[in-house]
1. Looking only at segment 350-372, count how many residues are basic (Lys, Arg) and either within 24 Å of residue 209 (Cβ to Cβ) or not in a helix (DSSP H, G or I) (or both).
2. Can you name the condition, by its number, that residue 324 falls short on among (1) within 18 Å of residue 358 (Cα to Cα); (2) in contact with a helix residue (DSSP H, G or I) (Cβ under 9 Å, 6 or more places away or on another chain); (3) of a type outside the set (Lys, Arg)?
3. Scanning for something closer than 30 Å to residue 258 by Cα and not assigned by TED's automatic domain parsing to the domain that holds residue 377, does segment 78-85 turn up at least one residue?
4. Within segment 373-406, track down each residue that is surrounded by 14 or more Cβ atoms within 10 Å (Cβ to Cβ), in a loop (DSSP other than H, G, I, E, B) and over 21 Å from the mean Cα position of the chain (by Cα).
5. Identify all residues within segment 85-106 that are over 24 Å from the mean Cα position of the chain (by Cα) and of a type outside the set (Gly, Ala, Ser); write none if there are none.
6. Based on what the data block shows, is residue 168 at pLDDT below 95 and buried (at least 20 other Cβ atoms within 10 Å of the Cβ)?
Amino acid sequence: MQFVRHAGFSERRCIARDTLGLYGAIVTLATYTERVPPTPETTVQDVFLKALSHCLQQHAVLWIVIRNAESNEPELEDVPQLDLKRHLRILAPEIDGDIRITQRLLEHIHNEPLVDRHNIPQWRLYVLPVRRVSDGMMTEYKVAFAASHALTDGISGFIFHSTLLDALRVTCQMPSNTGSIHPTKPSDLKLPMSLDQAIPLPISWPYFWRIASQEVLPSIILRWMGLDSTPTPDTWLGALNRPERGESRVLLQTAVRVAFVSKQVLEGVLRACHKRNARLTGLLNRLAGYALAGALARCAQNYSKFTVQTAIDLRSSIPGAGRTMANYFSTVCESVVIDTAERGRDFSFSNDDWEAVRRSSDLLKKKSSSSADQSIALLRYVNDIQGWTSRKGKSPRADSYTTSNLGVFMNKGDTDDMSCLGWNVKDIVLSQTGNGAGEPLSFNFSSVDNGPLSLVICWEPRTLGVSDEEAFVENICELLVDNLISIGSEH
């Protein structure tokens, strides 16, 4: 193995979470459809082995292992050769591909740890063939790319699937033996710089003081200065205490619920946003709060405030990074305040709600187009990242939920070979492991061109503070989908 570089500070935080068992994998799962099924002599493994071998020629991150991961200065190294039997999982076929299959597959992936990070690159590709009874042939595949958040992010999953889709189209007419189970790394394939190496991440003194003061000043002084960000009693933060882990580094468990919103409803929602000069992510942030408040009310818990962390992609600030698989994200923190008077009525979105969505949209646009005063940059001041992350996993939560909206996956791809365009992506979902050092819930959104919007809610069991967590999260999904339908049906 060959030393490549030291991990950047954002990468170090994610590596620390992984080593402590507080986080596992970020997963993008797409439903692939194939117009012409494989010939009898071609196996599913043949098809995806050829395509995966093609992907490995494009993305250096797929060849990286992490040395000294349990230290505060982990190192990234290249492996000269891969054993794809450790990375490609072909699962037993299923009949029909409903949401329950997707949920079971996501939970299986999240609860199967990525192992031996010192010697094996931290990613896997799962392929679940689906036989459609109506078609009589196996023409669909649930394909999930699972990777450590240390070196990838949600957009990396989109980039990988785009490369895989192109590869399936390009390699579909190649002989079956063109995909090697032991590919060798191209000599000219270089790992991208870490985020802090790729762009300056300046921190202004007012921003630094506002954040740092929370760590060093008593709350009474912070309140007097107007700087206290301690959650108020009416802010929902999940269960009062985190699950007891002791000194165990075993991966935490993750539960998942999946829902879809039709293309027609999504188009109506986008029209409603455009009409009011708002953006979809800002709307989803607020609707998640409404759905959460409604589900809590059904559990006789009344909360009106939620703190949300929204993931943003910083690739637009990095020259040439548009199709780069890397950890290039930051977050924006906002408060969502729900009008308690609305909880007992049928859902309606007021002018005040739309004004809040516009403010959120403007803030997210501003923060995602600038490298200045990014929260992720504050990690440069954390010397003991392992100790800091461990303490976060034992401290009271500060956030209610996170949202990630990957946007639209485009089926067009980059290939000009029209002979193999029978491959397409019908839908795509983003899913994350429960966060043992952060929020109790994560809302993950994504869509495909000319297709539905997906919602995946993820959590660590025993963290939500309700007796029946599965029913509770199903209620959140139902309320969120119903509210989107209400907004999308405006005339």
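The values are calculated or read from the model by the stated rules, or taken from the named source; none is laboratory data. Bear in mind that the values here come from a model prediction, so they are computed numbers and not experimental data. Methodologically, a virtual Cβ is constructed for each residue, glycine included, from the backbone with ideal geometry; neighbour enumeration extends over all protein chains shown.
1. Initial filter on segment 350-372 (basic (Lys, Arg)): 358-359, 365-367.
Still in the running and either within 24 Å of residue 209 (Cβ to Cβ) or not in a helix (DSSP H, G or I) (or both): 359, 366-367.
So the answer is 3.
2. For residue 324, the failing item is (1).
3. Within segment 78-85, the subset closer than 30 Å to residue 258 by Cα is 84-85.
After this cut, where a residue has to be not assigned by TED's automatic domain parsing to the domain that holds residue 377 as well, the list is 84-85.
Yes, there is a match, as at least one residue in segment 78-85 is closer than 30 Å to residue 258 by Cα and not assigned by TED's automatic domain parsing to the domain that holds residue 377.
4. Hits for segment 373-406 are 373, 382.
5. 85, 93, 94, 95, 96, listed by residue number.
6. Against the criterion (at pLDDT below 95 and buried (at least 20 other Cβ atoms within 10 Å of the Cβ)), residue 168 qualifies.
Residues are listed down the side, and each one gets a yes or a no for (1) part of a loop (DSSP other than H, G, I, E, B); (2) touching an Asp or Glu at 6+ places or on another chain (Cβ under 7 Å); (3) surrounded by fewer than 21 Cβ atoms within 10 Å (Cβ to Cβ):
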{"residue": "246", "(1), (2), (3)": "yes, no, yes"}
{"residue": "249", "(1), (2), (3)": "yes, no, yes"}
{"residue": "258", "(1), (2), (3)": "no, no, no"}
{"residue": "265", "(1), (2), (3)": "no, no, yes"}
{"residue": "302", "(1), (2), (3)": "yes, no, yes"}
{"residue": "316", "(1), (2), (3)": "no, no, yes"}
